[in-house]
Each structure stands twice: as structure tokens, then as C-alpha cells.
1. Can you name the residue in segment 149-200 that is of a type in the set (Val, Ile, Thr) and in a loop (DSSP other than H, G, I, E, B) and, of all such residues, is nearest to Val90 (Cα to Cα)?
2. Of all residues in segment 155-202, count the ones that are without any contact (Cβ under 8 Å) to a residue 40 or more places away in the chain and either within 16 Å of ligand 2 (Cβ to nearest atom) or in contact with a Phe, Trp or Tyr (Cβ under 7 Å, 6 or more places away or on another chain) (or both).
3. So, in segment 175-203, exactly how many residues are touching a Gly at 6+ places or on another chain (Cβ under 7 Å) and charged (D, E, K, R)?
4. Could we say that Ile82 is under 15 Å from Ala124 (Cα atoms), in the same structural domain as Leu181 (by TED's automatic domain parsing) and without any contact (Cβ under 8 Å) to a residue 40 or more places away in the chain here?
5. Say we look at segment 103-124 and pick out the residues that are in contact with a Ser or Thr (Cβ under 7 Å, 6 or more places away or on another chain) and more than 9 Å from ligand 1 (Cβ to nearest atom); which of these is farthest from Leu14 (Cα to Cα)?
6. Please count how many residues of segment 5-46 are aliphatic (A, V, I, L, M) and either within 17 Å of the chain's Cα centre (by Cα) or within 12 Å of ligand 1 (Cβ to nearest atom) (or both).
Amino acid sequence: MSTPILPTDQPPLLHHAVEEAVRLLQAGDVVALPTETVYGLAADALNPQAVAKIFEVKERPTFDPLIVHLADIKMLDLVADIPEEVKKTVARLIERYWPGPLTLLLPKKPCVPDLVTAGLPTVAVRISSHPIFKRVATALNRPIAAPSANRFGAISPTSASAVLAELGGRIPLIVDGGACLHGLESTIIKVTPATPKNLITIVRPGPVTPEDLKLYGRLERMTRTVVDGASEAPGQLASHYAPRTPLRLLSKPSDFTPEEGKRYALMSYRGEEKDGYLDLADFEQVMILSPGNGKLPEAAVRFFYVLRELDKLGVDEIIAEPMLEHGMGVAMMDKLRRASVRPA
Ligand code: TXA
Ligand code: MG
């Protein structure tokens, strides 16, 4: 199968790309679409055969459920219930963060195929703010299931060329929306009734940060790591977001001593020698996430891109500097920890 990349940087090209994507989705096929977080591999969420193609193309185990993307808030009723006790909190979160990078776990409606939710009673839902994704979702007028457009366990794609590297030859279309705004997958949360404040569990950290969320309830970070089989956060496997090259996350500069004859690359947070990690003699290649001051949102935009580039070098090990663990640093450190666990 050939995998064309359709550009969208002029109105006629945009219209053509959106039309093609909608046509394929209506025919029960999969297409890669840009979102504000990472590129998604989209299919009609209410068509089980189409959803099955997502799992096949990604080589994703069926115990790992998908996120359902709505065209607008009116579609929420179709796919999910909001329990009365958490209605107020959920409404406030939706009001503030939709469309945007926040995914909510809610009790699912029967029309959502079990394949989408991996048999779980809940469905993960969000509304993407990406203008191209929105156009496609609106024209299709059906909920869209879309995991990140990479092979299972690999690095999420934040550009059309990264999608091509992951899924080229396996899918009939990639719509090119340029680089993704946030560069990290959406924050996934669950809201549970509690007094005096409802409980917000962060199932996957992302662009909507713990600092943001604590204004809406009592925060709880899900720390349990799942190694196999179905669970409440099946995507949170220990080994995930993994480059092929072994990766080591340091906690202090003295954790690293180069071994004779081995080749290393450094993923540097801000490229500052005074941080103590950047000894140029030790590394074949250094890539900096946020040159200069080290701004976490900027580091996030470059995060998967840098990881993917360093993975191409064929060095023996990628060494990662630690980042501040607040804001978007929470999600990046989480991903680095998962990436540094080698698959069994
Ligand atoms: O930003 C994003 O969320 C991107 C874009 C494309 O929207 N999508 C994305 O999908 O990251 P994916 O499939 O790579 O990750 C979704 C994660 C899964 O790993 C799964 O663990 C979790 O969402 N998930 C989905 N449904 C769930 C459910 N009912 N309960 C618990 N976790 C669920
Ligand atoms: Mg993913």
C-alpha cells in the first residue's frame, strides 16, 4: 500500500485533504490526522471493523483501549454518561479544557464497541482543538477513535514524516498539519466522588498539569505500573515510548561514566555546561530540548522529535538528563522512566 502525505498549507489543499480523510473514514478505513498533542491514527469509533484496523496497523494488543474524539460537546451524550455526583466537577473541567489536551474517563454508553474500550465499563473521551482534526470530525459527524499514530510501544509521532516512519506502507493517508502544538499526549484523568472535594486521578500526565488540575479537586497520581494484561490504565505499561536504542535516565551527573569503546548520545534538557551533564568528549551527539533557559513547554514540543532523532544514530546508549518534575516536566519524566525500562 502506498501512503500519500497530503499537505494542507493552502485552502484548496486543505479542502482536498479533509475530503479524502472523510471519504476513507466513511469507507471504514484508517487515516493519520494531526491533533494539538500528537498525530492520531483515526477510524470511525462506532464501526468495529474500522476500529479493528487500528489495532492491526499498530500491532496493538486488544487489551489496550482507545481514546474517542468528539466533534463537539453535543456528541458526549452519545458515547458516555456523567455520574450525577461528579457532574459539576466534570462540567467545570470541560468548560476550561475542551477542546484541548484533556481526556476524561467516563462510564460508556452501549453504542461504543467493546473493542474501543477493551471491554472496560469506561470510555476515554476528548475533543481535539486542532483545526484540521475538527474539520474532519465535524464533516464525518461521528466520534473518532484515535490512538497515537505509532507502532505499539514506540515513540509517538509529532510530524507527518514521523508518522510515515512508523506506519508508512500500512495506511492509505497521512494528513500533514505540520508540527504538533504540545508535542505530548493528552492528560488522562478520572474523577471520583469524594467529600469535601471530588478526587481527580491522573492516569497519564500530559499538557494539562497537576498544578492546573488541583484547582478542580483533590489530586491523586496513579503510580501503579502495569506489566501485563488488562487493567484500569492498560496503556501505562512499564515499557513504553521506547526508542530501539537503550535509554538511561540519570538523576545526577555522577551517575554516568562512559565505558571504553561505547558510543553515547545525550538528550540534554537545556544544554547548560554548568548543569554538569554536558561533557562534549563523552557524546557522539548532543540534542538540546530547550536551549537557553530550559522552558518545559518548549522541551515538550521537541521531546519525541529529539528522542526519534537520537534513536536513528545507532549509538550504544541514549543518556537523558533529568528535568524539573513540575508542569509538563511531570509527563516527560514519566515517559523517560518508561522508556528506560527495556522490553522483556
Ligand atoms: O493526545 C492523545 O491522547 C493522543 C491523540 C491522538 O489524541 N492519543 C493517544 O492515544 O495518546 P493512545 O491510544 O496512544 O493512548 C491512550 C491511552 C491508552 O494507552 C489507554 O491506556 C488509555 O488511553 N485509555 C483509553 N481508554 C481507557 C479506559 N477506558 N480506561 C483507562 N485508560 C484508558
Ligand atoms: Mg500511544
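The values are calculated or read from the model by the stated rules, or taken from the named source; none is laboratory data. Model, not experiment: these values are computed from the prediction. Positions of Cβ are generated from backbone atoms using ideal geometry, with glycine treated the same way; all protein chains shown enter the neighbour counts.
1. Within segment 149-200, the subset of a type in the set (Val, Ile, Thr) is 155, 158, 163, 171, 174-175, 187-189, 191-192, 195, 200.
Pick out the ones that are also in a loop (DSSP other than H, G, I, E, B) and you get 155, 158, 171, 195.
Details: Ile155: 30, Thr158: 29, Ile171: 35, Thr195: 15 Å.
Looking at the filtered set, the residue picked out is Thr195.
2. 1
3. Count: 2.
4. Taking the combined requirement at face value, the residue satisfies it.
5. So in segment 103-124, the residues in contact with a Ser or Thr (Cβ under 7 Å, 6 or more places away or on another chain) come out as 103, 105-108, 115, 118, 123-124.
Those left that are additionally more than 9 Å from ligand 1 (Cβ to nearest atom): 107, 115.
Numbers: Pro107: 36, Leu115: 32 Å.
Going through the qualifying residues, I end up with Pro107.
6. Step one: of segment 5-46, the residues aliphatic (A, V, I, L, M) are 5-6, 13-14, 17-18, 21-22, 24-25, 27, 30-33, 38, 41-43, 45-46.
Checking the rest, the ones that are also either within 17 Å of the chain's Cα centre (by Cα) or within 12 Å of ligand 1 (Cβ to nearest atom) (or both) come to 31-33, 38, 41-43, 45.
Matching residues across segment 5-46 total 8.
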